[in-house]
Amino acid sequence: MPVFGRLGCCGKGSVRADDPRHPNIVAAELEAAEAAKAPAQPDEGESQLRQGRPVEQWLPRATTKAFQSAINAKRVESVLEMTGDHLCVRTMTVAYTSRNGNRRVVSQSGYRVKLFLPEGCTDIEVTFSVVGGSFVAKEDASGGLVPEKFEYKTPPEYVQYFVRGSLMRSRVTGVDERTSGESLLEMVSRDFRSIRTMRVDYLDASGQPQTFTGSGYRVVCHLPADARDVEVSFQVVGGGPICKVDRRDPDMPFLKDANGDRPPEIFCYPECPSCVQFEVRGLPWRAHVSRVIELTRGAREEDASPATTSGPDGRGLFDGAPDTVPAVGGIVELREAHSEYLLPPEVLLFEPTAFEIFARGEQKKGGRQIFLNQPLTEEENAGILEFRKTLVKRGVVASETDPLPRYIESHVLRLIQSAKYNMQKAADMMKTCVTERVRRLPIAEADVLNDLRLGFAYWHGRDKRCRPCLVLRLERLGPLLLDKERAVRVVIFVLEYALRFAMVPGRVENWVVIIDLQNVMSIVNPLHIGSLISTASAIGTTLEKVYCGRMVWIKIVNMPGSSMLTRAINSVIPAEKKDKVDFPMDVKAALKDLFQPNQLERKYGGASPDLEPAETYPFKFFPNPRGRAYRENAAAWHNDAGAATDVALDPAKPDDGQNEVEDFSMHLSASLHFHEGLLWDESCEDARRRWMDGALNSTLTADAAAAIATRHGKQPRICRSLTDWMQSVNPQAVGQISLLRAVTESLEERQAQRSAEPEILWAANTWDVKIISL
């Protein structure tokens, strides 16, 4: 298997200090290594191998003991923490002079990162930058932008930096310096419509009640870490208490108790929280807590950067206010393994033609199929501007130039197009996205696992244009037939899975659907017709208004002759897709030219085995969806990735997808941020600035890159090979590939002389990999 496939390139962030190891110990580790008496240098191969291993595995035993005690002593000596929102990923870089006089630089990227400084360091400088963008800036006296920098002569005990803003407008909005034994409770006003008071009641270590109060636009309370039974409440100065609202609803309606009264907003914590920030806004009579950001102790790992962290996304991304919920994802706590062909290079590097970007290849209003990481037409940009004006009138955004809510930012043109440029209808669909999608998220795999294994809805392969194929087997609805909420949750999980893991913005953004009605009449009881229609209608609403603009075609197969069933099926089909619905009599003939045989089950004319209900999840993906024409030229991207050059196909074998080159999935390196993509909104200058830097560093097709060069005179990256893709998505890993390959080859040579090879554990910047008995 090629090295990229073996790596998977997953990890927990990145560190730069000429050392790729864990950020919490790297600074102390460097100091311990300097202080130790270094052993004689080994040969070059062994020296390279040591660079990727935990230091205690190769330092002498006495040095290891000193190193461990140094870490234990230094781990809480000085802490610098960066806490950011989820609008972009940022890097905190710390430069300092060690006690030996050497200048060191350590950095880490993520949403929340924490670095520990060694004892005795001096001349500390802290700066921030946006991953894929520029530095985090502040205004100087002349109004220009200069990098934000914090300097300390000696290490502070604990400093927390709050960074907010988009890719182009990230700013340090607050700095809190405290002792390591204190926690932070902070009230932040997001407007100046009223002055508020925060009150904190708690019991101290001796059990005595204590109270803190503070008023203003920003109030900070430092609590001792051993405080307990903490209660936080708020009040408007000169007014009444701030009451509870439903923060999952964008309108933030007040909640009422059984008596119809508005209960006050009180946050209770049995133990002292590490750090909580309360965002408050609204007129004096309408003031409310619009957002709560809580950072738990030891939560650094799950809050790591999505650009460098593989696996499921954290619940915290989807538990907040709707404005901050990502546009894709929301399926969490995944335990089942993904398909090894979920996201192969063949899909990542797919170059869409006009026929994939626009329906029938015609660039006209309302016909777009690929929306992200692609240039928009003047009519489309004008439509987005008109939609912004509508949102201003509805009070969703303050001005036409403000960022749109994250959950809809990359989907806005899909809504407008699906609403046929009726802006009021598009705004209503936007609200439906909140009620039908955002408020149901996150969905844990365990909560729907049994329903997934009913085999009602599942992904199986891709068509020849790399689009995933959704199969709906209505005879397997089972208990979902009478419970439309369960049915909708399963459908949302299935569709979000594809958006989060199987799509490539700007290249592959659509799916195809097979609806199989075989034996469906066996589950249709006349008493249940109403439930069937209700469930079908709920699924249709989800497809039409929440996941609009995704479906290319539907094939409804094995259709029995029933008017009631026809009515139910028609309600599932989104209105704008009815011209793309087909009822083939011979399903195998209808799908033959659309798929490689290995992508379909045998019952649909393919070569893959028919799946039993319990076999449909984890979802099935397969290599080589594009067939021989592509595979004969596949050596290009394999060579760029460093794979073997002897890629060849046996001409005597049929073109059925099984006669394959070596393939593998890159889903572990594809982050949530990557799958969200960028809508190249040019409806206003501020909108253009927000995505431009990200686009210049994205994995663009040649045509998309040429469009930016022509329109804006800038030269973005063009992604033609797997190496190009990795340099954009996971650049730290690229530099490690040649080292890993060289050591792997060396180990393979040694293996020929040994009967067994001991396990070797690698720990690198952005990935962990075990090489066992090569």
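With the cut-off at under 13 Å, measuring from each backbone N in the range 352-371 to a point 7 Å along the Cα-to-Cβ line of A706 picks out 352-354. Compared with the direct C-alpha span, the chain from D191 to R717 gains 185.4 nm at full extension, assuming 0.36 nm per residue.
In terms of its alpha-carbon gyration tensor, the range 112-198 comes out oblate; a/c meets the 1.5 threshold, while b/c is at least as large as a/b. If the chain linking F254 and V292 were pulled fully straight, counting 0.36 nm for each residue of separation and taking away their Cα-Cα distance, it would gain 12.1 nm.
Whenever you get a sec, compute what percent of the accessible area on the range 306-454 sits on carbon and sulfur atoms (1.4 Å probe). Within the range 306-454, the accessible surface is 47 percent carbon and sulfur. For the range 189-292, give the percent of accessible area contributed by carbon and sulfur heavy atoms, probe 1.4 Å, rounded to a whole number. Reported share for carbon and sulfur atoms: 49 percent.
Quick one: if the Förster radius is 60 Å, what FRET efficiency do T173 and D483 give, using the C-beta to C-beta distance and rounding to 0.05?
Calculated value: 0.85.
The values are calculated or read from the model by the stated rules, or taken from the named source; none is laboratory data. No experiment lies behind these values; they were computed from the predicted model shown. Positions of Cβ are backbone-derived with ideal geometry, glycine not excepted, and every protein chain shown enters the neighbour counts. We work out accessible area using only protein heavy atoms, side chains counted, and drop any ligands, DNA or RNA first. Shrake-Rupley method; radii C 1.70, N 1.55, O 1.52, S 1.80 Å.
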